[in-house]
Amino acid sequence: MSDGTTDQLYLSLRIASLEKYVNEYQPIPFIVDDILVHFDDERSKETIKILLELSKQTQIIFFSHHSRLIELMREVTSESSYQLTELNTVSV
């Protein structure tokens, strides 16, 4: 299996597990870091749509250093659907 396929399978299992938990218990935050690094743009957009739908049930915290994902997010939804916080590092 390719890295992208492995990542997609792992993410789908995590999402299914979270959906089951949220339906049976209370919502808990879903925190992910660079989960789309091996996805192409179309798969990234579809995954973003799924995460946006899931965000209606629980909080999604999505970390990434890929600015391209911001562009993809803007392609699939309005800016009122998410909160973007950019962190800049400072060299010392």
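The values are calculated or read from the model by the stated rules, or taken from the named source; none is laboratory data. Model, not experiment: these values are computed from the prediction. Ideal geometry is used to build each Cβ from the backbone, glycine not excepted, and the neighbour counts take in all protein chains shown. We work out accessible area using only protein heavy atoms, side chains counted, and drop any ligands, DNA or RNA first. Shrake-Rupley method; radii C 1.70, N 1.55, O 1.52, S 1.80 Å.
Dividing the mean sequence gap of close Cα pairs (under 8 Å, 6+ apart) by how many residues the chain holds gives a relative contact order of 30 percent. Placing R0 at 35 angstrom, the Cβ-Cβ distance between Lys56 and Thr5 gives a FRET efficiency of 0.80 after rounding to 0.05. Between (i) 8.3; (ii) 5.8; (iii) 7.2, which entry matches mean projected area of the Cα convex hull in nm² as derived from the coordinates of this structure? Computed from these coordinates, mean projected area of the Cα convex hull in nm² corresponds to label (iii).
Within the range 35-49, name every residue whose backbone N is under 16 Å away from a label modeled 7 Å from Cα of Val22 along the Cβ vector. Within reach of a label on Val22, which here means backbone N under 16 Å from a point 7 Å along Cα→Cβ, the range 35-49 contributes 47-49.
Rolling a 1.4 Å probe over the heavy atoms of the protein chains gives the chain an accessible area of 74 Å² per residue. The convex hull defined by the C-alpha atoms of the range 7-53 has an orientation-averaged projected area of 3.3 nm².
For the range 22-92, applying the loop criterion from DSSP together with a ceiling of 13 other beta carbons within 10 Å to the chymotrypsin sites (Phe, Trp or Tyr not before Pro) yields Tyr25. Approximating the spin labels as points 7 Å out from Cα along Cα→Cβ, the Ser67-to-Ser91 distance works out to 1.6 nm. Each peptide in 4-10, 32-38 was scored by the mean count of other Cβ atoms within 10 Å over its residues; highest first, the order is 32-38, 4-10.
What's the carbon and sulfur percent of the chain's accessible surface, probe 1.4 angstrom, rounded to a whole number? On the chain, the fraction of accessible area on carbon and sulfur atoms equals 51 percent.
Here's how it looks for Ile60: its modeled amide H is under 5 Å from those of Phe30, which are all 5 or more places away or on a different chain.
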